[in-house]
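Report on the structure given below.
The values are calculated or read from the model by the stated rules, or taken from the named source; none is laboratory data. Remember, it's a predicted structure, so these values are computed and weren't measured experimentally. Positions of Cβ are generated from backbone atoms using ideal geometry, with glycine treated the same way; all protein chains shown enter the neighbour counts. Heavy atoms of the whole protein, side chains included, go into the accessibility calculation; ligands, DNA and RNA do not. Shrake-Rupley method; radii C 1.70, N 1.55, O 1.52, S 1.80 Å.
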Amino acid sequence: MGTKNKLVANTLLGLAGGIQYLQLKKACKQPRKTTANTLRQILEYAKDTVYGKEHHFAEILGAADDEQLFRLWQQNVKLNDYEDFRPYVERHKHGESDILFPGKPVLYATTSGTTSEPKWIPITERYLKTIYGKMTKVWLFNFIKNRPNVFGGKILSIVGKVVEGYAPDGTVFGSVSGVTQRDCPGFVKALYSNPQCVYTIADYNARYYVLMRMGIEQDVTLIVTANPSTIIELQNNVNRFYDEYVTDIENGTISDKIKLDTAVRKELEACVKPNPKRAAELRALKAKYGDKVLPKHYWPNMQLLNTWKCGNTRVYLDKFKDSFPEGMLHQEFGYFSSECRFGLVLDDTLNTVLFPHFHYYEFVAEEEMDSPNPKYLQIDELIDGKRYVPYVTTFAGLYRYNMNDLIEAGPKFGNTPTVHLIQKINGIVTITGEKLHERQFIDAVHKAEEETGMKTRFFIGFADLDISAYHFYYEFADRSTTQAAAEEFTKAVDKYLRKENVEYVAKRDSLRLKDPVTHRLIPESFETFKARCIAEGSRDGQFKLNILLQDEKRHAKFRELVVKD
């Protein structure tokens, strides 16, 4: 491991991140006071904008105390989803200033929305440099706190493309994570296992080939990728191309079989040189472990893996269980989205520490989420173990924005509750009032696996309003599983759903909800589906898939992946 690299990184990141960490601890001591001050700062920042004037930000600032501030805020600014902001964002996109915030965005992050038109999330200079930048310092500092040798080797970080296109006024839209990596200090850039041009490679398989061809040659000690399904695909690439990697590493080449843009190939070839010693090590691993060479073999010094572990992403974690070195920390990525970097996980739990000095948060209790007049809770009112719907206000023009998530409060950091994601609200599906939760479906499948001994590699469910039934799709580990056996498995799932959800029982017993329909999926069904989505324009780093949906477009794709007897 690189002692010099580690010393430089630990010293500089320890200093910069340590300062921000102390600021975080201070902010979390008095969360109600901190959050009120943050709301005032946001109101002061945006009071002279079009949105600020329309919603009386200046008048709200005249509040005599914090309680009046919160009350005036709720009276003047309604809860919003992205479509409420779209007209304002469109004005920014076409060159207007001072609409949602002072000036114009420096960047847009694009992500999928509830309509066919993507969401364009504006990122301000203040948000990118001040808030995002400072949180990143805490994030990196925290890696060192948990694993002091984390920067002793290379970093494999999967991020999005910095520039994906331009708004009508010429402002870039692309990946915030890509921009963050591009703008990081030089000593951190030197630790990345590949140049940033890799993320411009359009072909899905080629991109993963290059990431792993370059990564497997080096001593990687940190992997950062939000989506754990990416880890599975990296290893699938290893299984497929291991011998080609070894040849390339030995010769200092990038295989001609891999289709790359000429400029990208030229940049990559400038980064590699013959490494027969590493090639021999990799051949020895293949001789010892055969077709089961895993990250713990080729990256034995791995210190930390940072991915999502909450919500429906847990479905993928078992697929690479025991693949990494013993003692490596697999840390939750944290509650995070394109709209808002909500907070950070600072330990080996699932609990995201909130940053009340950077964002203004509001919450509605789960049991009140459908109420026409719910009580809006401040950050200090959350109760450990209870679930909430969060709303966030940022320095990037989102005001009382519905994150469309269900979160659960956890232990306090200082005096501020932590949170972790349970599921997307749109992971709650209803055909006839049963309100079936994605988590209930996942739990029912796992219990059916325990009861029957039948294991799944992947599963997904779709609501079909036309026939008033659910379609359950399974890719079984045993490829010889028959349709009759699969239907028996569905009966077990149905039985456990009845135990999980009282409304489901009532609707099934009354025949308003028909028997679920069973489908068997072809091998590598999820990987095939994801590859098709990315080929159609989805961004890999943001790719998310709920396990229970009412979405005919995605449903149609899975219909094409059914086993044909």
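On a full-extension model of 0.36 nm per residue, what is the gain between residue 30 and residue 564, subtracting their alpha-carbon distance, rounded to one decimal in nm?
Length difference between fully extended and current span is 186.2 nm.
Among rounded, prolate and oblate, which fits region 176-250 when a ≥ b ≥ c are the square roots of the eigenvalues of its C-alpha gyration tensor, a/c under 1.5 means rounded, and a/b larger than b/c means prolate?
prolate
Round to a whole angstrom and tell me the spacing of the C-alpha centers of region 504-556 and region 170-207.
31
Is it possible to state the helix-based mean residue ellipticity at 222 nm for the chain, with each DSSP H run of 4+ residues giving -39500 (n - 2.57), the sum divided by total residues, to the nearest 500 deg cm²/dmol? What is it?
It comes out at -12000 deg cm²/dmol, rounded to the nearest 500.
Tally up the carbon and sulfur contribution to the accessible surface of the chain as a whole percent, 1.4 Å probe, everything protein left in place.
51
Would you pull out the residues with amide H under 5 Å of residue 405's amide H, same chain only if 5 or more places away, H placed 1.01 Å from N?
The answer is 425.
Say the dipole of region 82-154 comes from +1 at the beta carbon of Lys and Arg and -1 at that of Asp and Glu; which of 143, 100, 88 then lies farthest toward its positive end?
About the Cα centre, the residue reaching furthest to the positive side is 143.
Put a dot 7 Å past each Cα toward the Cβ at residue 277 and residue 106; how far apart are the dots in nm?
The two pseudo-label positions are separated by 4.1 nm.
Using the heavy atoms of the protein chains and a 1.4 angstrom probe, tell me the accessible area per residue for the chain in square angstrom.
Roughly 42 Å² per residue, with all protein chains present.
Considering only region 370-452, what is the antiparallel percent among its DSSP beta bridges, to the nearest 5?
Bridges in region 370-452 are about 100 percent antiparallel.
Can you give me the C-alpha center-to-center distance between region 362-427 and region 62-125, rounded to a whole angstrom?
19
Counting other C-beta atoms within 10 Å, and keeping those with at most 13, which DSSP coil GluC sites (Glu not before Pro) do you find in region 274-368?
326
Magnitude of the Cβ-charge dipole of the chain, K/R +1 and D/E -1, about the Cα centre, nearest 20 debye?
1580
Could you pull out the GluC sites (Glu not before Pro) across region 88-163 that fall in loop regions by DSSP (anything but H, G, I, E, B) with no more than 15 other Cβ atoms inside 10 Å?
96
Please list the non-local residues whose amide H lies under 5 Å from the amide H of residue 330, H modeled 1.01 Å from N, same-chain partners needing a gap of 5 or more.
HN-HN under 5 Å from residue 330: 305.
Using a/c under 1.5 as the rounded threshold, could you call region 229-366 rounded, prolate or oblate? The axes a ≥ b ≥ c are square roots of the C-alpha gyration tensor eigenvalues, and prolate needs a/b larger than b/c, oblate otherwise.
Here region 229-366 falls in the prolate category.
Mind sorting out which of [x] 20; [y] 24; [z] 55 is the real percent of Cα pairs over 42 Å apart computed from the coordinates?
Label of the calculated value: [y].
Just want to confirm a number: the relative contact order over the chain, from Cα pairs under 8 angstrom separated by 6+ residues, in percent.
With pairs under 8 Å counted, the relative contact order is 13 percent.
Taking the alpha-carbon centroid of each part, what is the distance from region 15-44 to region 468-484 in angstrom?
The two parts, judged by their Cα centres, are 50 Å apart.
Treat each spin label as a single point 7 Å out from the Cα along the C-beta direction, and report the residue 287 to residue 556 distance in nm.
Label-label distance for residue 287 and residue 556, simple model: 5.4 nm.
Please state the shape class of region 366-406: rounded when a/c is under 1.5, otherwise prolate if a/b exceeds b/c and oblate if not, all from the C-alpha gyration tensor.
Taking the square roots of the gyration eigenvalues as a ≥ b ≥ c, region 366-406 is prolate.
Using DSSP, restrict attention to beta bridges with both residues in the chain and report what percent are antiparallel, rounded to the nearest 5.
Rounded to the nearest five, the antiparallel share is 65 percent.
Report the net charge of residues surrounding residue 19, where surrounding means a beta-carbon distance below 10 angstrom and charges are Lys +1, Arg +1, Asp -1, Glu -1.
Net of charged neighbours comes to +2.
Which helices of the chain meet both criteria: a Cα extent of 27 Å or more along the helical axis and a mean Kyte-Doolittle score no lower than -0.5, with helices taken as whole DSSP H segments?
TM-like helix candidates: 3-29.
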